[in-house]
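Each remark here refers to the structure printed beneath this line.
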Amino acid sequence: MELFKGTLAPETLILRLDQGDLLLESITQACKEAGILNGAVISAIGTLDMCTLHMVMTTGYPPVEHFEVWEDKPLEVSSVSGIIADGVPHLHMVVSDHQKAYSGHVEPGCRVLYLFEIVIAIIASPKFKRYANARGINELHLAEDEILKEHSL
């Protein structure tokens with residue numbers, strides 16, 4: 001385990017996505033336009049008509065992943081959460097159709113059906129990056145310049 005202590009910026013970013021907007025791509029673009037490198041998606045709800053989630057199917061290494069794909073299917077989104085590190089969102093989402101719910105890692109191409117509302121808390125410090133560990137899993141770490149700061153104190 002590694003513990004990171006951070007500071008939230010005094011402002012948040014609130015997004016409204018409209019029909020046809022792409023979820024992950026819009027969040028990434030908004031972070032770029034607003035200059036957000038680090039943050040957390042703390043609330044997100046909406047509807048989708050196209051969606052791809054991936055989920056792990058095994059407990060060993062390397063992980064075997066399954067990609068669940070919906071096309072032209074109405075889905076309710078009850079939750080999206082995750083961390084933005086170095087401008088790159090790593091998000092998980094819970095969606096449901098009229099029969100059951102699904103959860104997994106958000107992939108590109110998830111398209112808004114009617115409306116989507118997202119709140120991003122901006123993390124002012126420290127700066128984060130993701131690095132692949134020895135098993136190929138992208139882990140959250142302090143950015144190199146933050147590590148240098150920590151060692152110079």
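Selection of region 2-30 for residues being buried (at least 17 other Cβ atoms within 10 Å of the Cβ) and closer than 9 Å to Ile122 by Cβ yields only Leu13. Within region 38-59, the set of residues being outside any strand (DSSP E or B), in contact (Cβ under 8 Å) with a residue 24 or more places away in the chain and surrounded by fewer than 19 Cβ atoms within 10 Å (Cβ to Cβ) is empty.
Restricting the search to strands (runs of 3 or more DSSP E) fully inside region 76-153 and requiring at least 1 residues that are modelled with pLDDT of 95 or more and farther than 21 Å from Glu2 by Cα gives 88-96, 101-106, 111-125. Do you know which residues across region 7-43 are among the small types (Gly, Ala, Ser) and closer than 19 Å to Leu113 by Cβ? Within region 7-43, Gly20, Ser26, Ser43 qualify.
Between Val88, Val64, Val69, the distinction of being open to solvent by 70 Å² or more (accessible area, probe 1.4 Å), more than 21 Å from Leu22 (Cα to Cα) and hydrophobic (A, V, I, L, M, F, W, C) belongs to Val64 only. Sub-9 Å Cβ pairs linking a first residue in region 17-36 that is in contact (Cβ under 8 Å) with a residue 12 or more places away in the chain and in a helix (DSSP H, G or I) to a second residue that is among the basic types (Lys, Arg) and crowded, with 18+ Cβ neighbours inside 10 Å, at least 6 apart or interchain, are Leu23/Arg111, ordered by first then second residue. For Leu142, all conditions in the list (1) open to solvent by 70 Å² or more (accessible area, probe 1.4 Å); (2) of a type in the set (A, V, I, L, M, F, W, C); (3) more than 16 Å from the chain's Cα centre (by Cα); (4) under 22 Å from Ala34 (Cα atoms) hold save one; what is the number of the exception? The number of the failed condition is (1).
The values are calculated or read from the model by the stated rules, or taken from the named source; none is laboratory data. In this text the structure is predicted, and so the values were computed from the model without any measurement. Cβ sites come from the backbone with ideal geometry, for glycine too, and all protein chains shown count toward neighbours. What goes into the accessible areas is simple: the full protein's heavy atoms, side chains included, and nothing from ligands, DNA or RNA. Shrake-Rupley method; radii C 1.70, N 1.55, O 1.52, S 1.80 Å.
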